[in-house]
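Okay, structure first, notes after.
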Number of protein chains: 2
Amino acid sequence: MASTKDRILDGSLELFNTKGIQAVTTNHIADHLKISTGNLYYHYRSKDHIIQALFERIDLAAREVMAPLPTPITPQQWAQVFVHGMNIVRRYRFFFANIVELAGRDKLLASQFRALTGWTLDWTIDAIDALIAQGSMRELAGDDRRRLAENVFIIIWNWTGFTVAFRGHELSHEGDTREGVLHSMLPLMPYFKPKFARDVRAAIDNAKVFGQERSFLAEP
Amino acid sequence: MASTKDRILDGSLELFNTKGIQAVTTNHIADHLKISTGNLYYHYRSKDHIIQALFERIDLAAREVMAPLPTPITPQQWAQVFVHGMNIVRRYRFFFANIVELAGRDKLLASQFRALTGWTLDWTIDAIDALIAQGSMRELAGDDRRRLAENVFIIIWNWTGFTVAFRGHELSHEGDTREGVLHSMLPLMPYFKPKFARDVRAAIDNAKVFGQERSFLAEP
């Protein structure tokens, strides 16, 4: 049985993702969960506190996905990082779609998000260096490694927003998720050695890409 | 002397960009411009109508930037499209930072934005084909051309949001703008022939990247 705190977070996440942060009040969340607002406020004093708790889940999930990789990094492991990363963003898409507004009104959250971005970028640049060192990727100018890592993040973060705004539907099926993984890998592909590139591409094509976020949930 | 309509749009744009859409009401806009709310409502009945009119400016600016290119496309012309594109997004950054929310609550705007995205992507794919045909770029698998074009757009649209959320400041200086142009060109760079790649890079390094949106403004 999920704790009330977890139920509040799961219910809030569902409402934020489907109706948008602005349209959802703590009253809506309490109604949705069939609990009293008093009970909700006992656990979370405001919508911002719920968003803060959801960010902590994102942070935890990112730490699980971006644990140190054993070397040599296999094409399958590398592809899985992207699949898991895309699924975190898909699961918490309200957060990434509203990051500018959220960062603007909550300075603590803004600094925590900057910290998350900082270490995930550093992790990615280290991984690129490891791929170069093991001969899976060709050398890159120093500044371009960072630009490449930033581009990968910009694409992963904004893929769900792109599909909603451009395709006009929620990122709710496997095809969109796999496309997002392919898009986010594409900036790196020309730098991979041919065999590694083929194996990464095959790993994405064959991966079960949808719903892989389950292991990162606070499960009942 | 700018018309009242243009003054309302310019003032609204400034407030939306600096304070966020949610925080700005039509009263704030009227106060900011030292006009009565009656006068404001005479020109625009609601905040959504102002946003609609600002979108029309974005659409017009995109049509100016993405006019048919004379062939062969020079590296300098190609770089300039990206400089101008980045400046449109920088100038109307509130719009791109809130596109998911805006598309969610305004179906007309959502369909207009999808149309804009559709033809700008088609324009880009055609331009990639022209660059391949003129020998400036190597062949690409069909699906990857579209993915590449979409990645370029995702990076341009979200660069200002990335800098605000990650660097913690508004995109207000030349360095950030030039970095955005470099980032948005990077996905294409490995596919350019070496001389074209060097010349595009030099054109970005030497371009006056900041404030080039002026020609797209409704000028006084």
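General remarks:
- Flag if A:T124 is more than 25 Å from A:I51 (Cβ to Cβ), under 19 Å from the mean Cα position of the chain (by Cα) and more than 10 Å from chain B (Cβ to nearest Cβ): yes
- When the test is whether a residue is in a helix (DSSP H, G or I) and either out of contact with any helix residue (DSSP H, G or I) (no Cβ under 7 Å at 6 or more places or on another chain) or more than 24 Å from B:T160 (Cα to Cα) (or both), B:G11 does not pass it.
- Test: residue in the stretch A:14-22 that is part of a loop (DSSP other than H, G, I, E, B), small (G, A, S) and outside the structural domain of A:W157 (by TED's automatic domain parsing): yes
- Checking each residue of the stretch B:43-53 against the condition of being away from chain A (no Cβ under 14 Å), among the basic types (K, R) and more than 14 Å from the chain's Cα centre (by Cα) gives at least one match.
- Yes/no for B:A2 being in contact with a helix residue (DSSP H, G or I) (Cβ under 8 Å, 6 or more places away or on another chain), of a type in the set (A, V, I, L, M) and at pLDDT below 95: yes
- Of A:L108, A:L69, all but one fail to be away from every other protein chain (no Cβ under 14 Å) and more than 11 Å from the chain's Cα centre (by Cα); the exception is A:L69.
- Of the helices (runs of 4 or more DSSP H) entirely within the stretch B:64-183, those holding at least 3 residues that are surrounded by fewer than 20 Cβ atoms within 10 Å (Cβ to Cβ) occupy B:75-91, B:107-133, B:142-162.
The values are calculated or read from the model by the stated rules, or taken from the named source; none is laboratory data. As the structure is a computational prediction, the values presented were derived from the model and not from experiment. In this analysis, Cβ positions are derived from the backbone assuming ideal geometry, glycine residues included, and neighbour counts consider all displayed protein chains.
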